[in-house]
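Encoded as structure tokens, the structure appears first; notes follow it.
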Ligand code: 13P
């Protein structure tokens, strides 16, 4: 049985005080949602206050990126140890916006994932094809490459610690959610890649989240798919009522 995950990715939204107010508003819903893992990925300056607000609840706080070195001359970067020191438990790695705007590659996804795991953070590793890649019929090749180069070199015990997220780039922020059939086909492929590399038991246990225009109105149907184990939600995670509705789905 895979515990479904509802993860909000706030991207570059919400100050420290806004984050704390959101977590306070979510608390009653979260307390009743014992069959869900709830994660909020806040921007760096809001992480500490989100962690404090979530203290004693089942809400976990995630960063949206990290550097693979533990310290050093890397202006503007944040290390895994800095995140665990303030109480973060998760970190998003390889989001398509990082790939598109900040030069993230499968190679750096691998390094960041290793650094997160070594510090005890749970990586949420994102993969997904662009519209051009899908229309050219390359979805399977792209997902295979991103999986193999991003997480395929891990040890099985390391792979067992992470969460995968399938986020088709054409569905992010566009209102164009993947149909359950399209999403399930990609999730099934990712799980079969995991079987091939890490074995049936690790593959059966790994949670694979869907992300891309998830809303309370479409999430229920996506969650009924055999290989969809939750959502990584952008826009609909910013409002506490809408995020609470997703948690209750
Ligand atoms: P939207 O839910 O806004 O489409 O964003 C999805 C996403 O990128 C989550 O990481």
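FYI, it's all coordinate maths here, none of it is from the lab. None of the values given here were measured: they were computed from a predicted structure. Don't worry about glycine lacking a Cβ; one is built from the backbone with ideal geometry, like all the others, and counts go over all protein chains shown.
Assorted remarks:
- Residue check for residue 133: away from the ligand (no atom under 13 Å from the Cβ), surrounded by fewer than 21 Cβ atoms within 10 Å (Cβ to Cβ) and not in a helix (DSSP H, G or I): no
- Here residue 80 clears all of (1) surrounded by 15 or more Cβ atoms within 10 Å (Cβ to Cβ); (2) in contact with a strand residue (DSSP E or B) (Cβ under 6 Å, 6 or more places away or on another chain) except the condition numbered (2).
- Taking segment 170-190 as the range and being surrounded by fewer than 19 Cβ atoms within 10 Å (Cβ to Cβ) and either without any contact (Cβ under 8 Å) to a residue 40 or more places away in the chain or more than 15 Å from the ligand (Cβ to nearest atom) (or both) as the test, the residues that pass are 174, 175, 176, 179, 180, 181, 182, 185, 188, 189.
- Only one of 56, 87, 72, 81 that is assigned to a loop (DSSP other than H, G, I, E, B) and over 24 Å from residue 3 (Cβ atoms): 72
- Of residues in segment 214-232 being within 14 Å of the ligand (Cβ to nearest atom) and farther than 13 Å from residue 166 by Cβ, the one surrounded by the fewest Cβ atoms within 10 Å (Cβ to Cβ): 217
- Residues (in a helix (DSSP H, G or I), buried (at least 18 other Cβ atoms within 10 Å of the Cβ) and either without any contact (Cβ under 8 Å) to a residue 24 or more places away in the chain or touching a strand residue (DSSP E or B) at 6+ places or on another chain (Cβ under 9 Å) (or both)) located in segment 90-105: 96, 98, 99
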